[in-house]
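Student: Before I ask anything, let me first share the structure, which is written out below as structure tokens.
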Amino acid sequence: MTFDLLIQNATLPDGRKGMDIACAGGRIKAVERGITGDAARVIEAEGRLVSPPFVDSHFHMDATLSLGLPRMNESGTLLEGIALWGELKPLLTHEAVMERALRYCDLAVSQGLLAIRTHVDICDDRLLAVEALLEVKNRIAPYIDLQLVAFPQDGFYRSPNAEKNLLRALDMGVDIVGGIPPFERTMADGAKSVAALCEIAAERGLMVDMHCDETDDPMSRHIETLACETQRLGLQGRVAGSHLTSMHSMDNYYVSKLLPLIAEAGVAAIANPLINITIQGRHDTYPKRRGQTRVPEMRSQGINVAFGHDCVMDPWYSLGNADMLEVASMGLHVAHMTSREAMRYVFDCVTANPARIMGLEGYGLEVGCKADMVLLQAADTIEAIRLKARRLAVVKSGRVISETPAQVATLSLEGRPETVDPADYTPAGS
Ligand code: FE2
């Protein structure tokens, strides 16, 4: 048989070693040991990890790479970031938004990040960012699955035209209904916005993804309303709550009631570790709260949890590099998820789990899945996180679309059992 691509001797995220992956016609045709046949391109993985692509289920592509425009966020706080974005918005042009977004997409491809859900602010009456990102979505479709969320950054009720603009954005082709209940004027307005936005999604058959409870206030409980509305309107499996940082500060008894409600409603959770750890806890002295939502506890209730990047070089966050392994690493540390088993799960938080939230068709490394994958310079998923491993090859539709030379000196455990004593190995290349 003739294949477009044959990857030999790979380790898979589930731990299987010595696996070959054969691709043809944009799909995976075989995943087994010792595949024979001709291939237009053969890659010898040398026992390294091959993973499905990274997936970022929470991002703001309309703001990315705008760092310093029109000025820096001097305090580093969420509220100054929102104010700064308000100053930048009238200055945005279609061309500038597209240019920055496409530049980010180039970087994302090189990082093996091939699916992104981005929120797009709909509070500017021109809907200029919506138009620009819809164009970007079409342009990059051969490389990246891009989903757009209609996001009323200044509040669905608090911003005068947000309701009208959100509907316009959905009419233009934006995929998902967003919201920001903690930014409405009152808790009651926030809860009302959650109900109204879920009704819009139910009427139009759309998914929902809301910035819920991005605050340190333990009384910010819009995720409870979101779970309730999901049940009421039959939206199970189509709804995600993003951030959920207030849960970090909530009373434990209340959380013991809340988590089963979220699980029952099939609502997924998206934490944004890099942003949560820097934006939350800003009013604390010591001890300072971390602000990240309760990831292990949600996991143990069967709630699907993903980690998002949220921001890269924008009014809220000066750092970032489209590296979902950096996101995973921060989430792992903040949540104390350092057991071997938990670290493997964290890799899923930037791959399989967000893929389920986005409803990506054909995602994975099974026969019949899309031939999209990443070869990493790492022995396994834990090492990939530890090293923020290089993406040696990024494959889309069975074609290599990005390659990076291997790093010569690493602390890789490649070829060694993963239980090796860390004091007993020689760094590769030394
Ligand atoms: Fe966000």
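Student: I'd like the full set of residues that are β-branched (Val, Ile, Thr) and either more than 20 Å from the chain's Cα centre (by Cα) or within 16 Å of the ligand (Cβ to nearest atom) (or both), limited to the range 36-54.
Tutor: Thr36, Val42, Ile43
Student: Which residue pairs have Cβ atoms closer than 7 Å, lie 6 or more positions apart in sequence or on different chains, and pair a first residue in the range 220-247 that is closer than 20 Å to Met358 by Cα with a second residue that is of a type in the set (Asp, Glu) and part of a loop (DSSP other than H, G, I, E, B)?
Tutor: Within 7 Å, the pairs are Ile223/Asp213; His243/Asp213; His243/Glu214; Leu244/Asp213.
Student: Of the residues that sit in the range 284-312 and are touching a residue at least 12 places away in the same chain (Cβ under 8 Å) and open to solvent by 70 Å² or more (accessible area, probe 1.4 Å), which one is farthest from Val239 (Cα to Cα)?
Tutor: Step by step, filter the range 284-312, then rank; the result is Arg289.
Student: Separate question: Please find, among Val367, Val374, Val334, the residue that is aliphatic (A, V, I, L, M) and buried (at least 22 other Cβ atoms within 10 Å of the Cβ).
Tutor: Result: Val374 is the single residue among Val367, Val374, Val334 that is aliphatic (A, V, I, L, M) and buried (at least 22 other Cβ atoms within 10 Å of the Cβ).
Student: Among the residues of the range 190-234, write down those that are in a loop (DSSP other than H, G, I, E, B), buried (at least 23 other Cβ atoms within 10 Å of the Cβ) and over 17 Å from the mean Cα position of the chain (by Cα).
Tutor: Once the filter is applied, which keeps residues that are in a loop (DSSP other than H, G, I, E, B), buried (at least 23 other Cβ atoms within 10 Å of the Cβ) and over 17 Å from the mean Cα position of the chain (by Cα), the range 190-234 yields only Asp213.
Student: Tell me which residues, restricted to the range 43-77, are of a type in the set (S, T, N, Q) and open to solvent by less than 10 Å² (accessible area, probe 1.4 Å).
Tutor: Once the filter is applied, which keeps residues that are of a type in the set (S, T, N, Q) and open to solvent by less than 10 Å² (accessible area, probe 1.4 Å), the range 43-77 yields Ser51, Ser57, Thr64, Ser66.
Student: Specify the residue that is farthest from the chain's Cα centre (by Cα); the eligible residues are those in the range 89-122 that are modelled with pLDDT under 95 and among the hydrophobic types (A, V, I, L, M, F, W, C).
Tutor: Per the stated criteria, the residue is Leu91.
Student: Return the residues of the range 275-330 that are of a type in the set (Phe, Trp, Tyr) and either in contact with a strand residue (DSSP E or B) (Cβ under 7 Å, 6 or more places away or on another chain) or within 16 Å of the ligand (Cβ to nearest atom) (or both); say none if nothing qualifies.
Tutor: Phe307, Trp316, Tyr317
Student: Given the conditions (1) within 20 Å of Arg168 (Cα to Cα); (2) free of Cβ contacts under 8 Å to residues at least 60 places away in the same chain, which single one is not true for Leu133?
Tutor: In the conditions (1) within 20 Å of Arg168 (Cα to Cα); (2) free of Cβ contacts under 8 Å to residues at least 60 places away in the same chain, Leu133 misses (2) alone.
Student: Going through Met61, Met19, Met1 one at a time, which residue ends up being more than 26 Å from Gln377 (Cβ to Cβ) and under 28 Å from the mean Cα position of the chain (by Cα)?
Tutor: Met61
Student: Just to be sure, is Glu80 surrounded by 14 or more Cβ atoms within 10 Å (Cβ to Cβ), on the phi < 0 side of the Ramachandran plot and either part of a loop (DSSP other than H, G, I, E, B) or at pLDDT below 95 (or both)?
Tutor: In short, yes.
Student: Can you tell me which residues in the range 383-430 are of a type in the set (Gly, Ala, Ser) and at pLDDT 90 or above?
Tutor: Ala384, Ala389, Ala393, Ser397, Gly398, Ser402, Ala406 - these are the residues of the range 383-430 that are of a type in the set (Gly, Ala, Ser) and at pLDDT 90 or above.
The values are calculated or read from the model by the stated rules, or taken from the named source; none is laboratory data. Because the structure is predicted, anything quoted here is derived from the model rather than measured. We place every Cβ from the backbone using ideal geometry, glycine too, and count neighbours over all the protein chains shown. All accessible areas refer to the heavy atoms of the entire protein, side chains included, with ligands and DNA or RNA removed. Shrake-Rupley method; radii C 1.70, N 1.55, O 1.52, S 1.80 Å.
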